[in-house]
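The values are calculated or read from the model by the stated rules, or taken from the named source; none is laboratory data. All figures in this text were calculated on a predicted structure; none of them were measured in a lab. Cβ coordinates were reconstructed from backbone atoms using ideal geometry, including for glycine residues, and neighbour counts include every protein chain displayed. To get the accessible areas, we keep the full protein, side chains included, count just its heavy atoms, and leave off ligands, DNA and RNA. Shrake-Rupley method; radii C 1.70, N 1.55, O 1.52, S 1.80 Å.
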Amino acid sequence: MWELGGKSCQSRLLIGTAGYPSLEILHQAVVASKAEIVTVSLKREDPTNRCGQRFWDIINSLSSLVLPNTAGCRQAKEAIYIAEMAREIFSTHWIKLEISGDDMLLQPDPFELLKAARTLIEMGFEVFPFCTEDYIVCQKLYDLGCHILMPWGAPIGSGKGLLNPFGLKLLRTRLPDATLIVDAGIGSPMHAMQALMLGYDAVLVNSAIAQALDPVAMASAFSLAVESGYVAHQAGIMPETDFAHASTPLEQTYFGAR
Amino acid sequence: MKITINNRVIELEQSCDVASALAIYGLQEKIFALAINGRVISRSDYASTILKEADQIDILIPMQGG
């Protein structure tokens with residue numbers, strides 16, 4: 001068990017709900033992932049299309065905790081507005097704060113992020129900022145009261161994995177009390193396992209599951225990988241060396257003693 | 001009196017509250033959030049919030065997201 005934003009969780013995998021072949025497969029994938037937290041977004045209502053209600057019925061049937069995001073926002077004021085609307089809809093003070101500063105990379109804008117985080121915390125939100133692995137930005141967000149940080153592994157949907165493991169590891173070392181969740185860029189269960197092995201508390205995965213040939217099977221693979229990575233980190237991973245160290249004591253082997 | 005809901009112009013015969021305007025608009029969604037001129041309105045305040053000429057109502061609903 002671990003605690004996230006005042007809630008006890010078993011799974012260290014958070015799952016996004018976008019881009020699945022169907023709502024039925026989304027439902028099956030969330031169940032297979034064993035994730036207890038799902039991310040959702042908001043859109044403008046369209047009276048000709050009732051997909052919002054169908055989607056919400058699926059999410060409700062899962063009994064998952066809902067983490068709304070502010071995807072699509074480019075300014076602090078937009079994100080604050082969406083956060084307020086999300087709190088009204090989902091009755092949660094959790095908000096995954098996403099403010100993009102670049103349309104090609106969807107790279108978080110640290111200046112708008114800090115501005116929005118300050119206001120949202122004053123408004124009583126538990127802010128989960130989606131940020132880069134930049135230590136200074138993360139430290140400032142943490143100091144504002146964002147005790148859960150979501151640095152990216154790589155740009156959203158790129159599947160490139162952890163592009164800067166050194167920076168992510170440094171962040172873990174420098175912010176030992178923060179809850180750190182790698183969000184975005186994870187393309188395979190190996191990447192998720194790597195994040196947990198670096199000492200990260202959890203990962204958020206969406207595209208890697210939704211775009212798999214078999215999303216339900218992939219969700220299960222991620223569940224196993226996250227568990228494995230966490231247990232490996234707890235077990236203590238051996239240090240790397242540059243030269244060989246014989247695992248068999250050579251002086252005891254027939255030809256080994258020279 | 002004219003107001004807009006999600007950029008759609010709605011003609012109201014007289015001034016009315018938010019709940020009545022939503023009924024005229026024909027909102028089908030059960031789960032949504034609503035703002036008037038950028039200010040979020042709690043569901044409990046719909047009946048007591050009276051709309052004015054040119055008010056802009058924004059209605060958001062859940063969608064899939066990562």
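Assigned to a loop (DSSP other than H, G, I, E, B), more than 9 Å from chain A (Cβ to nearest Cβ), in contact (Cβ under 8 Å) with a residue 40 or more places away in the chain and more than 9 Å from the chain's Cα centre (by Cα): is that true of B:Ala47 in this structure?
Working: assigned to a loop (DSSP other than H, G, I, E, B): yes; more than 9 Å from chain A (Cβ to nearest Cβ): yes; in contact (Cβ under 8 Å) with a residue 40 or more places away in the chain: no; more than 9 Å from the chain's Cα centre (by Cα): yes.
When the stated conditions are applied, B:Ala47 does not pass them.
Could you please give the count of residues in region A:189-218 that are within 25 Å of B:Gln64 (Cα to Cα), outside any helix (DSSP H, G or I) and open to solvent by 30 Å² or more (accessible area, probe 1.4 Å)?
Total satisfying the criteria: 4.
Look through A:Thr173, A:Thr179 and report the one residue that is over 16 Å from the mean Cα position of the chain (by Cα) and either surrounded by fewer than 18 Cβ atoms within 10 Å (Cβ to Cβ) or at pLDDT 95 or above (or both). Walk me through how you get there before you give the answer.
On the way: A:Thr179 fails: over 16 Å from the mean Cα position of the chain (by Cα).
After ruling out the rest, the residue left standing is A:Thr173.
State whether one or more residues within region A:171-184 are part of a loop (DSSP other than H, G, I, E, B), out of contact with any Asp or Glu (no Cβ under 7 Å at 6 or more places or on another chain) and farther than 30 Å from A:Val38 by Cβ. Before you say what the answer is, go through the steps one by one.
Keep residues of region A:171-184 that are part of a loop (DSSP other than H, G, I, E, B), which gives A:175-178, A:184.
Among the residues that remain, those that are also out of contact with any Asp or Glu (no Cβ under 7 Å at 6 or more places or on another chain) are: A:175-178, A:184.
From what is left, the residues that are farther than 30 Å from A:Val38 by Cβ are none.
Among the residues of region A:171-184, not one is part of a loop (DSSP other than H, G, I, E, B), out of contact with any Asp or Glu (no Cβ under 7 Å at 6 or more places or on another chain) and farther than 30 Å from A:Val38 by Cβ, which makes the answer no.
Restricting the search to region A:81-112, which residues are of a type outside the set (Gly, Ala, Ser), facing chain B (nearest Cβ under 10 Å) and touching a helix residue (DSSP H, G or I) at 6+ places or on another chain (Cβ under 8 Å)?
Start the filter on region A:81-112 by keeping residues that are of a type outside the set (Gly, Ala, Ser), which leaves A:81-82, A:84-85, A:87-90, A:92-99, A:102-112.
Narrowing the set further to residues that are facing chain B (nearest Cβ under 10 Å) leaves A:81-82, A:84-85, A:87-90, A:96, A:98.
Residues satisfying the conditions are A:Glu88, A:Glu98.
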